[in-house]
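The values are calculated or read from the model by the stated rules, or taken from the named source; none is laboratory data. On a predicted model such as this, the values are computed, not experimentally measured, just so you know. When we count neighbours, we look across all protein chains shown, and the Cβ atoms used for this are built from the backbone with ideal geometry, even at glycine. Surface areas here come from the heavy atoms of the whole protein model, side chains and all, with no ligands, DNA or RNA. Shrake-Rupley method; radii C 1.70, N 1.55, O 1.52, S 1.80 Å.
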Amino acid sequence: MQLQSEHEFYYSINIIILLIVVLLMLIQRQKRITAQKKNLELEKQIHEMKSEQELLQKEIELKNKKLSARALYHSGRNQLINNLLLTIENIPELSKVPALNTQIKHLKNYLRSDNEWETFVFHFEEINPGFLGRLRKLHPELTSNDMRYIAYIYMNLTTKEISNLLNITIYASKKRKERIISKIKLPNDITLYSYLSNI
C-alpha cells in the first residue's frame, strides 16, 4: 500500500515536472515568435525608412536639378544680353542715340546686381536646409565666391556649367576648384562632390 502511494507520488511529481517543462517550452516558443514578429516589424520599419530616405534624396536631387536649370537659364540670358550690349556699343550710329544709351546703362546695372545670387541662395537653402551654414562652420576660411562655387558643385553641375554660371573660363573654373580643395585640405582619395554630399 505504501509502495503504491509512493509510486503515485513519483508519478504525480513526474507529471508535474513534465507539465512544467512543456509549459516552459511553450513560453520559450511564444517568446521566440514574439521576438521574430518584433524583428520583422523592425526590418519593415527600417525598409520603409530607407525607402522614404531614398525618395527624399531623389526629391532633393530633382529640386536641385530644377534650381540649376533655372540658374543656367538666367546665366545664358545674361550672357545673351551682355553680347547684345557689346554689339550695340560697337555700332557707332546706335551709340549716339541718348535713349538707347540710357537703356544700355540700365541693362548693365541689372547685369551687375547680385540679386540673382541672393535669390539662388534663398531657393538653395529651401531645398538643402542648413548646408551652407554647416559648410561655413566647418570651413570659415571659405570666401563668398568659394561658397557660390561649392553650391554649384553640391548640385552636381559640370565644370563647364559652373564656368557658364560664373562667367569664367573652364580653366579658371578648374583652378578655383583646385584652390577650394586645397583650402579645405581634402584628401586625394575623396572627390569634392562626395565630401560635400556628406556634410
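Cβ separations smaller than 6 Å between residues 6+ apart or across chains give the following pairs from the range 155-173 residues that are free of Cβ contacts under 8 Å to residues at least 60 places away in the same chain and closer than 20 Å to residue 195 by Cα to residues that are open to solvent by less than 40 Å² (accessible area, probe 1.4 Å) and of a type in the set (A, V, I, L, M): 173/162.
Summed over the range 171-183, residues that are surrounded by fewer than 20 Cβ atoms within 10 Å (Cβ to Cβ) and either under 15 Å from residue 72 (Cβ atoms) or acidic (Asp, Glu) (or both) total 1. Within the range 129-146, being surrounded by fewer than 16 Cβ atoms within 10 Å (Cβ to Cβ) and assigned to a helix (DSSP H, G or I) holds for 133, 134, 136, 137, 138, 144, 145. One residue alone among 157, 166, 196 is surrounded by 14 or more Cβ atoms within 10 Å (Cβ to Cβ) and farther than 22 Å from residue 78 by Cβ, and that residue is 196.
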